[in-house]
Amino acid sequence: MLKESSNIDNGKEALGDLFKRNLSETYRDISEIIRAKIELAKLDVFEVFAEFSSFFIAGLIGFGGFLLLLLSLAFYLGEIFGKTSLGFLTVGCALLVISFLLYKVMHEEFKAFILHRLFKSEGEASLGKNEKSVKKKSELIEEERG
C-alpha cells in the first residue's frame, strides 16, 4: 500500500513538473510572438515612412522643376506681349483653368490613387514580405521547441 502511495505521489510530482514546464514554454512562446509582432509593427511603420519620404522628395524635386518651367514660360510670354506682368497673368489664369478642369474630371480617380498609395491592400508585396518574416520566425520557434 505504501508503494502505491509513493507511485501516486511521484505521478503527481511528474504531472506537476510537466504542467510547470509546459506553462513556462507557453509563456516563452507567447512572449516571443508578442516581440515578433512588435518588431513587425515597427518594420511596417518604417516601411511606410521610407516610402512616404521617397515619394515626398521626388515630388518636391519635380515640383521645383515644374515651377522653373512655369517661370520660364511666364517670362517668355511677357516678352511676346511686351509686359512681363501679362506673361505671369496668362500663365496664372491658364493654371487656374487647368486645375479646375482636372478637379472636375479627375477628382475621384486622384482620390482613389492617393488612398491606394497610403493604404495598400493586404495582398501587396510589402505586407507579403512581413507575413513571410512572421512565418519564418514562427517556424524557428517551433524548431527550437521540437
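Just one of Leu101, Leu140 is surrounded by 10 or more Cβ atoms within 10 Å (Cβ to Cβ), within 30 Å of Asn22 (Cα to Cα) and modelled with pLDDT under 95; which is it?
Working: Leu101 fails: within 30 Å of Asn22 (Cα to Cα).
The match here is Leu140.
Considering only residues of segment 21-70 that are under 22 Å from the mean Cα position of the chain (by Cα) and among the basic types (Lys, Arg), which is nearest to Ile114 (Cα to Cα)?
Step one: filter segment 21-70 for residues under 22 Å from the mean Cα position of the chain (by Cα), giving 33-60.
From the residues that got through so far, the ones that are among the basic types (Lys, Arg) too are 35, 37, 42.
On the way: Arg35: 32, Lys37: 27, Lys42: 23 Å.
Ranking the candidates gives Lys42 first.
Residue by residue, here is whether (1) modelled with pLDDT of 80 or more; (2) among the aromatic types (Phe, Trp, Tyr); (3) loosely packed, with under 11 Cβ neighbours inside 10 Å holds:
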site: Phe56; (1), (2), (3): yes, yes, yes
site: Leu71; (1), (2), (3): yes, no, no
site: Ser85; (1), (2), (3): yes, no, yes
site: Leu89; (1), (2), (3): yes, no, no
site: Phe110; (1), (2), (3): no, yes, no
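The values are calculated or read from the model by the stated rules, or taken from the named source; none is laboratory data. Computed from a predicted structure; not experimentally measured. Here the Cβ is made from the backbone with ideal geometry for all residues, glycine too, and neighbour counts use every protein chain on show.
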